[in-house]
């Protein structure tokens, strides 16, 4: 099955993501009491090898951490992937008002807290626009407990290209650098397109 | 199906299921007072719903750190999003016994939790539901894997009196894979536990294969003076160098730890000049990296494998000659093997 998105549909995804991000940024700003620089999501069709490279980076170098979380709702399934630069940890701790020491355990704690908030806010925003309710699985920290190569190898057989929404988060005055990737499965894209066509009409 | 569409009997069934399902459900109000408590919670905690109803969670379960839990729960109230905790963060939220008290190895139940918002009629969130999943089996398997894989250095935040030491994987449980499963043994025999680089066997195999169809350059690196230091310090030095090499090399390069402090990197398709630059970069970077306050150096030997030549053993011995030359001429140097 090949993934196809028309220009109109793509614009629509862009618009939905923009609105969702606006809402998410507003929520984050209120919860964390900071100014979130409103990110412009990028809508892309990415290939498995692109993802493999991003994940391999998280696996081999020690300066990136990643969290992934599955979501599913009304036949639309996918995974949210949050990739952090480890240099962000001290500022993340400030942001989340975390006071413990920043050892492995402290970083895990931060990763989980931040990813719950960032992924949750964004998924909820998109779900509301499309009138979908997503169930979310438990987050999994990649590169610390999984052999990423194994994960991606298995994934390679299931899809070659898929729809990705990329969001780069930045927070004013803090050195926080993280990317949120929402990846939809190939068969979900057809259903998403239907949903979007409904909005377009 | 909407709530109003549920017939009375269906509602009754649903209640029965929620009461009996093997997942813990707790509903809390804004002041963290327990409002509802299903059968799972009742049976595992030994507290009846009427014993906990309207009592603050942190009073009934004093070992739940209030600040920690509130940090997870506040976004649920404020943002109406879900939050999650996993057993790697804290092994459990509620300290329950292992569901398999006879054959299970863990002392307590490992738990993942989801915290979900419950909207009131006016759309605000005044209550949250904490859902408790029993993940003991997963946690125990994961910890076994971690012991062997050694890449995991998690310190479980468990009260010390009930933590059997083997439950806490640490960096100390490194190379020995005594109680491993088959998968794990396989992994452990190809990857060096301390450095996550290839082991000697694996490295040689990959090199021989790569030499058959591509050219490249081999770099051998040795740490100059690790003998004067104690074992922990040596491990730190070796890990640091391995980290530098992992960061500097590309995905396709073949990087291995061949002996105690002897590392080898085959740079695929790289000419001698590139390889010398690579080695110099690693050497100078390492020389300025303080490890526990001390500075150390490495020496490197480089040899190039020309296109069409697949003599990997010759290549190795050339690189070794270059390395010995660098070590014999004052160390902290890179030498290129010249034919």
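For this structure, a couple of remarks:
- Counting only helices (runs of 4 or more DSSP H) wholly contained in region B:40-153, the ones carrying 3 or more residues that are surrounded by 20 or more Cβ atoms within 10 Å (Cβ to Cβ) and within 12 Å of another protein chain (Cβ to nearest Cβ) occupy B:66-79, B:136-149.
- Residue in region B:3-12 that is surrounded by fewer than 21 Cβ atoms within 10 Å (Cβ to Cβ) and either in contact with a strand residue (DSSP E or B) (Cβ under 6 Å, 6 or more places away or on another chain) or outside any helix (DSSP H, G or I) (or both) present: yes
- Scanning region A:17-49 for residues that are in a helix (DSSP H, G or I), more than 14 Å from chain B (Cβ to nearest Cβ) and under 16 Å from residue A:183 (Cβ atoms) yields A:17, A:48.
- Any hit, region A:77-98, residues being modelled with pLDDT of 85 or more, away from chain B (no Cβ under 14 Å) and touching a helix residue (DSSP H, G or I) at 6+ places or on another chain (Cβ under 7 Å): yes
- Set A:189, A:140, A:152, A:196: member being more than 12 Å from chain B (Cβ to nearest Cβ) and either closer than 30 Å to residue B:87 by Cα or at pLDDT below 80 (or both): A:152
The values are calculated or read from the model by the stated rules, or taken from the named source; none is laboratory data. What you are looking at is a predicted structure, and each value in this text was computed from that prediction instead of being measured. As a convention, Cβ positions derive from the backbone with ideal geometry for all residues, glycine included, and neighbour counts pool all protein chains shown.
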